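Some notes on the structure that comes next.
The values are calculated or read from the model by the stated rules, or taken from the named source; none is laboratory data. Because the structure is predicted, anything quoted here is derived from the model rather than measured. Cβ coordinates were reconstructed from backbone atoms using ideal geometry, including for glycine residues, and neighbour counts include every protein chain displayed.
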Amino acid sequence: MNYPENYRYTKEHEWVCVEGDVGTVGLTFHAQSELGDIVYVDMPAPGTAVKAGETLGSVESVKAVSDIYSPVSGEVVEVNEILKDAPEKLNADPHGEAWLVRIRLAGPGDLEDLMGAPEYLAYVGS
Amino acid sequence: MRYLPKSDAERREMLAVCGLGSLEDLYAHLPAETKLDRPLALPPGQSEYEILDYFKARAAENAAGYASFLGAGVYAHYRPVLCDVVASRGEFLTSYTPYQAEIAQGTLTTIFEFQTMICQLTGMEVANASMYDGSTAVPEAALMAMRITGRERVLVARSVHPEYREVLATSARNGRWQVATFGYDAASGSLDMADLESQLNRETACVIVQSPNFFGVVEQLKDAAALAHQVGALLIMVFTEAVSLGLLAPPREADIVAGELQSFAITPSYGGPFAGIIATREKYIRQIPGRLVGLTKDAAGNRAFCLTLSTREQHIRREKATSNICTNQALIALMATVFMSVYGKAGLRELAEQNLAKAHYLAGGVERRFDAPFFNEFVVPCRGRSPEAVNAALLEKKIIGGLPLGRFYPELANCLLLCATEMSKRADMDLVREALQA
């Protein structure tokens with residue numbers, strides 16, 4: 001699986017890709033493979049203010065429900081609608097089509113604490 | 001598993017394994033002041049013969065041979081013999097809750113049937129496996145509405161059962177949410193729509209109404225639903241008299257239905273255990289509290305039942321569960337399931353018609369406090385005598401009268417809430433009518 005070099009990764013297994021002042025947030029390939037078949041994704045409504053490290057939503061697999069933590073602080077501007085009807089896309093393409101939310105960043109600060117792709121791969125031990 | 005006390009020999013064996021000499025040694029680490037230094041004050045053991053005598057004497061104290069016109073949330077309906085016959089089978093009675101759910105296919109089948117019947121009865125799309133009772137289903141429905149809307153203000157009608165409202169207030173007491181009430185129309189006894197409209201706003205999560213309401217009045221849910229939906233709030237419909245659903249249109253205008261099934265073959269038993277229900281639209285299924293049984297296929301492709309969407313529940317999701325109820329009222333709900341199967345759709349309608357007809361016979365010739373349509377309960381003002389005095393006079397004729405309403409509604413202190421069911425006999429009803437006309 002390709003872990004894009006321009007993404008930043010969290011210890012809780014989310015990724016964020018920043019373009020301008022908007023960060024697209026997703027779940028890592030490693031996370032979805034640990035969770036198994038994903039059946040439901042619960043996301044906040046656009047307009048919701050979120051803080052880095054706090055709960056953004058949750059993802060439900062046939063095994064468990066896991067919280068998703070926001071990698072950055074800001075305001076949710078868009079939610080990926082395709083996951084409402086096709087949560088299984090999160091298993092198929094977690095780093096691409098199945099992004100979760102877009103967040104308008106409150107500031108540039110958060111990203112420095114996150115990992116690059118090689119660091120994340122070392123962290124998950126693959 | 002044997003439910004017998006251990007013998008002395010077994011105790012000695014267990015103590016020996018622990019390296020202890022006596023039972024006292026087992027408690028040696030406990031502070032002295034926490035220990036009781038005398039035997040428990042219990043009467044000595046009795047023979048089987050003495051115990052039977054004791055219980056026969058207590059049973060003789062029951063008010064046998066009395067007719068009852070008391071409703072107000074607990075109703076005197078006939079219980080078909082089949083309900084107890086099925087519910088007391090060991091397969092259901094001793095294994096009343098499925099801890100290893102999928103092994104108990106029989107139990108899961110009955111719960112699935114229960115959910116299906118509740119959906120048919122309420123016009124909703126999903127129902128859970130049951131709640132503790134109607135009163136606790138109400139705050140669960142309110143919490144559900146708050147999760148769905150993201151709002152924390154609940155509006156409840158004063159014509160909802162007062163004790164259900166107390167349970168709601170208890171649940172709200174230590175939460176962040178607020179409960180406000182709106183009134184009833186003084187002439188009709190139905191919802192005060194102007195009061196509802198004036199209190200509704202964009203912070204309202206839900207409007208809770210009961211139909212038939214506490215006064216027996218059948219509410220028009222359509223207008224209340226329209227008002228609630230206008231501000232993005234949900235409508236929760238509560239029922240205490242399940243038999244009414246045999247005749248009244250299913251409450252499809254509601255977003256959540258919460259109710260009590262005591263009328264369906266559940267004995268009054270001093271107020272419980274009963275069984276409650278929560279039903280809703282499919283789009284809210286992930287916010288429904290409690291367990292759900294689903295239909296699936298096993299590895300060999302056979303039809304099978306399973307607990308489904310369990311990831312909402314406490315044993316998996318811990319503090320983030322939709323609710324801290326993660327069980328259901330399986331055995332009691334089974335009685336209601338058998339009841340619904342015995343009556344069927346046509347039978348339930350006929351039962352409801354009998355209730356309606358008898359209550360309207362009882363109400364004939366007496367003054368009613370409210371003029372809106374009613375099902376099997378209604379409010380009568382007592383003239384010249386207190387409601388308690390009317391009840392005392394009736395009791396002498398072996399009739400349990402109605403509920404004096406002053407305890408819950410000071411403005412109705414001279415009123416009685418009366419109920420007639422299919423069990424009410426004409427001669428008794430005539431005596432009640434006489435007592436009220438006197």
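Scanning region B:274-291 for residues that are more than 14 Å from chain A (Cβ to nearest Cβ) and buried (at least 22 other Cβ atoms within 10 Å of the Cβ) gives B:Phe274, B:Ala275, B:Gly276, B:Ile277, B:Ile278, B:Ala279, B:Thr280, B:Pro289, B:Gly290, B:Arg291. Of all the numbered requirements in (1) hydrophobic (A, V, I, L, M, F, W, C); (2) in contact (Cβ under 8 Å) with a residue 24 or more places away in the chain; (3) within 14 Å of another protein chain (Cβ to nearest Cβ), B:Val238 misses one, and that requirement is (3). Of all residues in region B:134-177, those satisfying the criterion of being within 14 Å of chain A (Cβ to nearest Cβ) and either free of Cβ contacts under 8 Å to residues at least 40 places away in the same chain or outside any helix (DSSP H, G or I) (or both) are B:Gly150, B:Arg151. Counting residues in region B:158-170 that are buried (at least 20 other Cβ atoms within 10 Å of the Cβ) and either in contact with a Cys (Cβ under 7 Å, 6 or more places away or on another chain) or charged (D, E, K, R) (or both) gives one or more. Residues that are in a loop (DSSP other than H, G, I, E, B) and either out of contact with any helix residue (DSSP H, G or I) (no Cβ under 8 Å at 6 or more places or on another chain) or not hydroxyl-bearing (Ser, Thr, Tyr) (or both) within region B:208-237 comprise B:Pro212, B:Asn213, B:Phe214, B:Phe215, B:Gly216, B:Val218, B:Glu219, B:Gln220, B:Val231, B:Gly232, B:Ala233, listed in sequence order. When residues in region B:292-313 are screened for being touching a residue at least 40 places away in the same chain (Cβ under 8 Å) and either touching a Leu at 6+ places or on another chain (Cβ under 9 Å) or within 14 Å of chain A (Cβ to nearest Cβ) (or both), 7 of them pass.
Here is a yes/no grid of residues against (1) of a type outside the set (S, T, N, Q); (2) surrounded by fewer than 17 Cβ atoms within 10 Å (Cβ to Cβ):
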site: B:Ala304; (1), (2): yes, yes
site: B:Gln314; (1), (2): no, no
site: B:Ser323; (1), (2): no, no
site: B:Gln329; (1), (2): no, no
site: B:Phe339; (1), (2): yes, no
site: B:Gly347; (1), (2): yes, yes
site: B:Ala352; (1), (2): yes, no
site: B:His360; (1), (2): yes, yes
site: B:Ala363; (1), (2): yes, no
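Of the set (1) modelled with pLDDT under 95; (2) over 23 Å from B:Thr122 (Cβ atoms); (3) away from chain A (no Cβ under 14 Å), all apply to B:Ile316 but (3).
Restricting to region A:45-83, count the residues that are within 11 Å of another protein chain (Cβ to nearest Cβ) and either of a type in the set (D, E, K, R) or surrounded by 19 or more Cβ atoms within 10 Å (Cβ to Cβ) (or both). Going through region A:45-83 one residue at a time, the tally reaches 7. For region A:87-116, which residues satisfy the criterion of being surrounded by fewer than 19 Cβ atoms within 10 Å (Cβ to Cβ), among the acidic types (Asp, Glu) and under 19 Å from A:Gly20 (Cα atoms)? Listed by number, the residues that qualify are A:Glu112, A:Asp113.
Take B:Pro250 and decide whether it is more than 14 Å from every other protein chain (Cβ to nearest Cβ), at pLDDT below 95 and assigned to a loop (DSSP other than H, G, I, E, B).
no
Starting from region B:391-417, take each residue that is farther than 15 Å from B:Arg433 by Cα and crowded, with 17+ Cβ neighbours inside 10 Å and list its partners that are of a type in the set (Gly, Ala, Ser) and at pLDDT 95 or above, counting only C-beta distances under 7 angstrom and pairs at least six apart or across chains. Matching pairs, first to second residue: B:Leu403/B:Ala72; B:Leu412/B:Gly406.
Of all residues in region A:68-97, which are touching a Gly at 6+ places or on another chain (Cβ under 7 Å) and under 16 Å from A:Asn2 (Cβ atoms)? Answer for region A:68-97, where residues must be touching a Gly at 6+ places or on another chain (Cβ under 7 Å) and under 16 Å from A:Asn2 (Cβ atoms): A:Pro94, A:His95. Among the criteria (1) part of a helix (DSSP H, G or I); (2) over 25 Å from B:Ser211 (Cα atoms), the one B:Arg383 does not fulfil is (1). For first residues located in region B:365-376 and closer than 12 Å to B:Tyr184 by Cβ, partners that are among the small types (Gly, Ala, Ser) and lie 6+ apart or on another chain with Cβ distances below 6 Å form the pairs B:Phe370/B:Ser188; B:Phe370/B:Gly189; B:Ala372/B:Ser188; B:Ala372/B:Gly189; B:Ala372/B:Ser190.
Just checking, how many residues over region B:189-207 are crowded, with 17+ Cβ neighbours inside 10 Å and not in a helix (DSSP H, G or I)? Write out each step before concluding.
The first filter runs over region B:189-207 and keeps only residues crowded, with 17+ Cβ neighbours inside 10 Å, leaving B:189-192, B:195-196, B:200, B:204-207.
From the residues that got through so far, the ones that are not in a helix (DSSP H, G or I) too are B:189-192, B:200, B:204-207.
Residues in region B:189-207 being crowded, with 17+ Cβ neighbours inside 10 Å and not in a helix (DSSP H, G or I): 9 in total.
If you check B:Ala265, B:Ala304 for being in a strand (DSSP E or B) and among the small types (Gly, Ala, Ser), only one passes: B:Ala304. Selection of region B:50-101 for residues being farther than 27 Å from B:Met423 by Cβ and either among the polar types (S, T, N, Q) or assigned to a loop (DSSP other than H, G, I, E, B) (or both) yields B:Thr94, B:Ser95, B:Tyr96, B:Thr97, B:Pro98, B:Tyr99, B:Gln100.
Picking from residues in region B:188-200 that are touching a residue at least 40 places away in the same chain (Cβ under 8 Å) and farther than 16 Å from B:Val379 by Cβ, the one that is nearest to the chain's Cα centre (by Cα) is B:Leu196. For first residues located in region B:206-235 and at positive phi, partners that are in a helix (DSSP H, G or I) and lie 6+ apart or on another chain with Cβ distances below 7 Å form the pairs B:Gly232/B:Thr149.
Among the residues making up region B:319-331, those that are more than 12 Å from chain A (Cβ to nearest Cβ) and closer than 15 Å to B:Ile288 by Cβ are B:Ser323, B:Asn324, B:Ile325, B:Cys326, B:Thr327, B:Asn328. Listed here are the strands (runs of 3 or more DSSP E) enclosed by region A:11-126 that have at least 3 residues being on the phi < 0 side of the Ramachandran plot and of a type outside the set (A, V, I, L, M): A:14-19, A:22-27, A:55-61, A:65-69. Does A:Tyr9 count as within 14 Å of chain B (Cβ to nearest Cβ) and either out of contact with any Leu (no Cβ under 6 Å at 6 or more places or on another chain) or in contact (Cβ under 8 Å) with a residue 40 or more places away in the chain (or both)? Considered against the rule, which asks whether it is within 14 Å of chain B (Cβ to nearest Cβ) and either out of contact with any Leu (no Cβ under 6 Å at 6 or more places or on another chain) or in contact (Cβ under 8 Å) with a residue 40 or more places away in the chain (or both), A:Tyr9 comes out as no.
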